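This report refers to the structure that appears directly beneath it.
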């Protein structure tokens, strides 16, 4: 299961009669502890998440707009954003294509080892990012299992932007697979039978019956993989080579500025990343609502 | 869990009757899709995992054990276990409390609250560490106060725990909330009307109902807590034998070209990841039978 999917939970499409909410309030639940548990939840949330995040925004107000702007639009920052966002987009697109094929194979076909391959999809969720980072670096190094055949073809992966791409594909894959898999599993065979009885061929069934149902889930998976890749740090920094303006990702630039005690720079870059995360979170919520409405799940 | 249960329910008929005829693609299409999928999964998932263990045992079992029993490695393992124990138990308590409030009651703004609980998933780990440096670091909002009172948070255990807590914040709650919503409030209402107190109802009715989801959430939370790298790296200060967790120790060894030792420590975390996945599969089977 995706650690990240169904964020908002099922939405209830019922329309309450006028005044129903007030009626519910007049007949309070017999279950005790509402005030206590809600109070504790809000306090703990504020303490661990909301206040620290608010602190970041507060810190950024110590900068004037011009200072902020010159930090985030400096050559090195722009390159870092370009690498993080650009490669994340490419990685998510690659995961979209291969993730769809993998879901199709896992859901529709029987082959030896299917259950094991299904289980290992979650490895990127469970394997610590630093472990993934050094493993991928070794694998794609010029004397590595995959790096040496690629080197013969003149392709260098480790310590180049291509290496970053490999790491981002690795961490994003389960988001696409685990979002699309349940939708394809729930697809009723009657729909496809009906289309075929009406004269559609296999390709038309796929393009006109299956795809429209699966598309919202595909886009959700794509957005989740993209969001995760943009902020990724651990699995990337080992394989990236980390050359400024070439293979330096935005999260690494934040760490570098912090180690140089340039707190203002780190804060400004972090604010941009955080705003992008918020926008993505909103988009993902919308996509999931759309997906649930389309498949009438929950 | 709902995703997985539905997956299992739908899989049973196709296993019994085979793929329905209308769903059959031409043989070569089928083979091509399976082949491409397996090659992709092998390159990106199987080979990296295999590489970890191959490199770890590259010089045999003796040097492997030597790397794991090195005092710095032992200190890193101990710190990681301590941080995971603290953050998993706090998250278990918080997860249960939050799920109780959200699943058993109706109130305005619930959707926003659920989204806020999930927020840490979409924050870059580096930023999850940075926010605590800005609060408690030497230049931070409370930096001067903490220094005056000789309290160390950043570059010390409390900072590492805080960063881990932020990163793992949603794990337990998000497993419990959908399940407890699905179970509704009837069991609890029955218990209360039969005279049970709130705590009795919680411990004897609600907790047994969600025990597997709770365990599952704890497992995922633990895997992330032990493996967190970015957030912890920012707040730890990388003091060997003191504030180095296992992932940070892996990084240091790797950057010093002690590859075998680095992979030896990494293999322990990889094993933990594999055990987590196996436990997940077993738990899914258990909940399917009940």
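Coordinate-derived values only; no laboratory data. Computed from a predicted model, the values in this text were never measured in an experiment. Glycine also receives a Cβ, built like all others from the backbone with ideal geometry; neighbour counts cover every protein chain displayed.
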Restricting to Cα pairs under 8 Å and 6 or more apart, the percent relative contact order of the stretch B:81-157 works out to 17
Residue-averaged [θ]222 nm for chain A, counting only DSSP H segments that reach four residues, each worth -39500 (n - 2.57): -22500 deg cm²/dmol
Could you tell me the calculated FRET efficiency between residue B:282 and residue A:101, based on Cβ-Cβ distance and R0 = 25 angstrom, to the nearest 0.05? 0.30
Can you pull the one-decimal nm distance between simple spin-label points at residue B:42 and residue A:57, each 7 Å off the Cα toward Cβ? 5.0
What whole-number value in cubic angstrom gives the convex hull volume per residue for the C-alpha atoms of chain B? 206
What does the average come to when, for each residue of peptide A:50-60, you count the partner chain Cβ atoms lying within 10 Å of its Cβ? 5
How large is the helix-only mean residue ellipticity at 222 nm for chain B, computed as the sum of -39500 (n - 2.57) over DSSP H runs with n ≥ 4, divided by its residue count, in deg cm²/dmol to the nearest 500? -23500 deg cm²/dmol
What's the average, rounded to a whole number, of partner chain beta-carbon atoms within 10 Å of each residue's beta-carbon in B:96-103? 5
So what's the gap between the Cα centers of the stretch A:62-107 and the stretch A:115-159, to the nearest angstrom? 20
Within the stretch A:245-261, backbone nitrogen closer than 19 Å to the virtual label 7 Å beyond the Cα of residue B:242 toward Cβ: A:259
Just want to confirm a number: the relative contact order over the stretch B:167-244, from Cα pairs under 8 angstrom separated by 6+ residues, in percent. 43
Alpha-carbon centroid distance for the pair the stretch B:62-81 / the stretch B:211-290, whole angstrom: 14
Would you look at the GNM of chain A, springs on alpha carbons closer than 10 Å, and say which of A:231, A:35, A:163 moves the most? A:35
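Show me A:129-137, B:260-268, A:275-283, A:196-204 ranked by packing, highest mean number of other Cβ atoms within 10 Å first.
Ranking the peptides A:129-137, B:260-268, A:275-283, A:196-204 by packing returns A:129-137, B:260-268, A:275-283, A:196-204.
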Given R₀ = 25 Å, what would the calculated FRET efficiency be for residue B:27 paired with residue A:191, taking r from the Cβ atoms and rounding to 0.05? 0.60
Who wins for biggest fluctuation among B:145, B:254, B:216 in a Gaussian network model of chain B, springs between alpha carbons below 10 Å? B:145
Mean separation of Cα contacts under 8 Å (at least 6 apart) over the residue count of the stretch B:63-289, i.e. the relative contact order in percent, is 32
Can you tell me which of B:247, B:125, B:71 moves the most in a GNM of chain B? Springs connect C-alpha atoms under 10 Å apart. B:71
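Roughly how crowded by other chains is peptide A:156-164, in terms of the mean Cβ count from those chains within 10 Å of each of its Cβ atoms?
The per-residue average across the peptide is 0.
Please order A:175, A:222, A:111 by the number of other Cβ within 10 Å, starting at the fewest.
Ordered by Cβ neighbours within 10 Å, fewest first: A:111, A:222, A:175.
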